[in-house]
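> To start, I am sharing the structure in question, which I have written as structure tokens.
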Amino acid sequence: RYVDSAGIMFTSGSDDFNTYIQLSQPPLGINQDVPSFSDLENGVGLFTCRHTQTNYERVGSNVIDTLVHGAAYAGLNFQF
């Protein structure tokens, strides 16, 4: 593995999307019914937004040195 950059992924969504994700999680209690969620009138569905963006940044020499020589990363076989 050769290290030259790291990707940082940002994901965001609307409040309705967050509500949908929260309600879609598996229930932890005795009641196994999942409530239905819709933000449409006279219909069933979800009208919302989600955005994902990835930025790649060059990795500094101190980070490369840590990945190559650090004890915590020895098994990952990073090369420089």
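The values are calculated or read from the model by the stated rules, or taken from the named source; none is laboratory data. Fair warning: this is a prediction, and the values are worked out from it, not measured in the lab. When we count neighbours, we look across all protein chains shown, and the Cβ atoms used for this are built from the backbone with ideal geometry, even at glycine. For accessibility, only protein heavy atoms count, side chains too; no ligands or nucleic acids. Shrake-Rupley method; radii C 1.70, N 1.55, O 1.52, S 1.80 Å.
> Could you tell me which numbered condition Tyr56 fails, if it satisfies all but one of (1) under 30 Å from Ala74 (Cβ atoms); (2) open to solvent by 80 Å² or more (accessible area, probe 1.4 Å); (3) modelled with pLDDT under 75?
(3)
> Hey, another quick one. Just wondering, is there one or more residues in segment 29-44 that are touching a Phe, Trp or Tyr at 6+ places or on another chain (Cβ under 8 Å), open to solvent by less than 80 Å² (accessible area, probe 1.4 Å) and at pLDDT 80 or above?
No - not one qualifying residue is present in segment 29-44.
> Among the numbered criteria (1) open to solvent by less than 80 Å² (accessible area, probe 1.4 Å); (2) of a type outside the set (A, V, I, L, M, F, W, C); (3) touching a His at 6+ places or on another chain (Cβ under 9 Å), which single criterion is violated by Thr11?
Among (1) open to solvent by less than 80 Å² (accessible area, probe 1.4 Å); (2) of a type outside the set (A, V, I, L, M, F, W, C); (3) touching a His at 6+ places or on another chain (Cβ under 9 Å), Thr11 violates only (1).
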